[in-house]
Structures are given as structure tokens and as C-alpha cells.
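The values are calculated or read from the model by the stated rules, or taken from the named source; none is laboratory data. Since the structure is predicted, the reported quantities are computational estimates derived from the model, not experimental observations. Here the Cβ is made from the backbone with ideal geometry for all residues, glycine too, and neighbour counts use every protein chain on show.
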Amino acid sequence: MKKFIILFMACGLLLCGCGKIPKLENGKEAIVTFKKGDKDYKISVDEVYEELKDSYGLQVVVNLIDKYVLEEEFKDKKDDAKVEAENFVDSMVEQLGGKDTFLQLLQQQTGLQTIEAYTDAMYLSYLKDYALDAYAKSLVEDKEIDDYYDKEAKGDIEVYHILVTPQVTDSMTTTEKKEAEDAAKAKINEIIKKLNDADNKLEEFKKLVKEYSEDEATKDKDGNLGYINIDFGEDYDELIKAAYNLKDGEYSKSLITTSVGYHVIYRNASKEKESKEDLKDEIIEILADRKKDADDKLYTKSLKYYRELYKMDIVDDEIDRQYGIYMHNLLNATDDTEEEE
């Protein structure tokens, strides 16, 4: 969890205590009382606020603003955010072997005292993610959609593949690892040679799948990946590019590398490109993701946009001054730092 969430939750616990609050003589609420002899001492909420204002006050205020604004703007997503936050926390608890271990780690590393506080923080984080997605999509223009459809959108293609994975382990020496890589590449070349010599390329390919492929998910389906498109996954970019460079009935004649190993592929069939209207939502999603990748300040800009959409006005002069500096620094940073949650 990022520092911004941590500070928000930690300060939130400080300022939002429950139970009876003693009063100072001037009527201001006290959050701490102590006594020596017949003299009483109290620390007021106002005193704490003034102290926190110069340290964590801005972070508390900004997160409270975002919670109010984003819960209203994405009210239809609130339940989803809560479920995602709860599922994430449950997975963390499971990975760490139980709630006690997780809570101990949480308290040591973040200062948060309850799992519920962490869950609330993750809930806000998911709301912010929704804001980023919506904002990025709002920036996509019709001309961009038209250009993408005309130049990049493609029809689905049916692809079969054979996967050979180098048998490399961490305990191997550099030489042993190279030998394992070379052995996998030799298998790929062997497969391609057999395809070159075959009369019926598809039937031969299916036989070679059973003999060579190490993809258990597709081995019993003749290596069929189904109908895929350019958004099949970043890890398979080289495979997808190679498949679209083939014609139906052709196979790859050189090594294809992905994050899972080496491949030989066979392009079996293709479909016509869908209409622009049918692909519009998918295109907007792709272009929005590109905008997020291209602008490391977009996260900050999205939150700024929604705060201003709701006419945010920070009444406290000091907090307002800090906020101006804070946003200026985030939006003009020269590195990849984005607004912490």
C-alpha cells in the first residue's frame, strides 16, 4: 500500500475516534485529558488539527475529498470496489497464513491498527482506479477511433501453436542454461523441417502438437488457441504479429519467442473485421490504455479533474496553499512519480 493511503488512514483514526469527548472550558472538544494534583490538562481537537495541518493535514483532507467525490461520481461502482478490496485483503491474509500474521505485518509496516482500515484504504484505491479509467476514456476523440479502426483493427484469426519451453532452472550454470535454450531452439527447427516435408501441413501440425508441445492447456485440442486478435495479451505480441503476417493455411518458418517459451504457429482461418460500431468500446479501451501509458501524470490529472468537477473549495488558507504546491509538484515532476494513493 502506498504512503498516501497509509497516512490518510492513520490520521483518520486519530481524528475520528468514538466515545464521549470531554470539553475544554472554551467549549472546544478535547481528545486527550490528564491531571497532576488538582490541576486538569486537556488537548483540544483544534490544537491537534493545527499540529497535523503542517504534517499530515493535507493528505487527510485530499483523501476525504476524493472519497466524497468518487463515491458520488461512481456510485454504481461502490459495491464492486468494496468486493475487490475485500477479495484483495482476503488473498493477502491467505498468502500470509492468517489474519494474525497479516495484522502484525500491517501494524509494523503501515501503522494501521486494523484489517478494516486497510480494506477501507484499498476501497478508495479502487475508486481512484475507476476515475483514471473513466477520465482516460473521456480523452479519446472520434478521429482517434476512426484512425485506429482504419489502420489497426483486424478480424479475428484462428491459430494453432506448438510450445517448447527451455528446461532451465535457477541452479544451472550459464553454460547449462545456454545448452537448454539451444536444445529448445533445435526442437523448434526440427518441427519446422517436418512441416516443410509434409504434404498435408495441418494434419502434420496436429501430429507434431501431440509429439512436441508442452502447453497442457491446448495439447489435447491440436494446439488450438481459438480465434484471437491483437489484444490477445502483451506477453504474446510476437506471436500475434507473426500470425497476422501469415495467410490462412500457412505456418511460421522461424522461431517465435514469448514469455513462456518458443513457438511454431499455424494460421488456420480468419474472420472479417467487425463494424466500427461493434468494436467502438473495445477500441476506446485500447486507446485509453495507451493514453495512460503515455502520460505518467494522467492519474493525478484524473483526480484533479473530478475534484474540480465538484467545485472543490478548500476553505482553510494554509491547507489550500499546501494543496496548490502539492499539485504543482505532482504535475511538473520530471520523473515517473505519480500521485500516491
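The residue of segment 148-168 that is nearest to Val264 (Cα to Cα), among those that are in a loop (DSSP other than H, G, I, E, B) and in contact with a helix residue (DSSP H, G or I) (Cβ under 8 Å, 6 or more places away or on another chain), is Thr165. Among the residues making up segment 69-100, those that are in contact (Cβ under 8 Å) with a residue 24 or more places away in the chain and more than 16 Å from the chain's Cα centre (by Cα) are Val69, Leu70, Glu71, Glu72, Glu73, Phe74, Lys77, Lys78, Lys82, Glu86.
Every residue, every condition in (1) of a type in the set (D, E, K, R); (2) in contact (Cβ under 8 Å) with a residue 24 or more places away in the chain; (3) exposed (fewer than 12 other Cβ atoms within 10 Å of the Cβ), yes or no:
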residue: Glu272; (1), (2), (3): yes, yes, yes
residue: Ser275; (1), (2), (3): no, no, yes
residue: Lys280; (1), (2), (3): yes, yes, no
residue: Ile286; (1), (2), (3): no, yes, no
residue: Asp289; (1), (2), (3): yes, yes, no
residue: Leu298; (1), (2), (3): no, yes, no
residue: Lys311; (1), (2), (3): yes, no, yes
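Glu50 fulfils the conditions (1) modelled with pLDDT under 85; (2) crowded, with 16+ Cβ neighbours inside 10 Å except for a single criterion, (2). On the stretch given as segment 222-244, residues that are over 16 Å from His263 (Cα atoms) and of a type in the set (D, E, K, R) total 1. Touching a strand residue (DSSP E or B) at 6+ places or on another chain (Cβ under 6 Å) and either surrounded by 20 or more Cβ atoms within 10 Å (Cβ to Cβ) or in the same structural domain as Glu158 (by TED's automatic domain parsing) (or both): does that describe Leu202? So Leu202 does not fit the description; no. With respect to the conditions (1) more than 27 Å from Ile314 (Cα to Cα); (2) crowded, with 16+ Cβ neighbours inside 10 Å; (3) not small (Gly, Ala, Ser), Gln107 falls short on a single one, namely (2). Tell me yes or no: at least one residue of segment 136-147 is within 29 Å of the chain's Cα centre (by Cα), assigned to a helix (DSSP H, G or I) and surrounded by 19 or more Cβ atoms within 10 Å (Cβ to Cβ). Within segment 136-147 (the criterion being within 29 Å of the chain's Cα centre (by Cα), assigned to a helix (DSSP H, G or I) and surrounded by 19 or more Cβ atoms within 10 Å (Cβ to Cβ)), the answer is yes, since at least one residue qualifies.
Where helices (runs of 4 or more DSSP H) fall entirely within segment 48-135, those with at least 3 residues that are under 25 Å from Lys311 (Cα atoms), out of contact with any Leu (no Cβ under 7 Å at 6 or more places or on another chain) and not aromatic (Phe, Trp, Tyr) are at 57-73.
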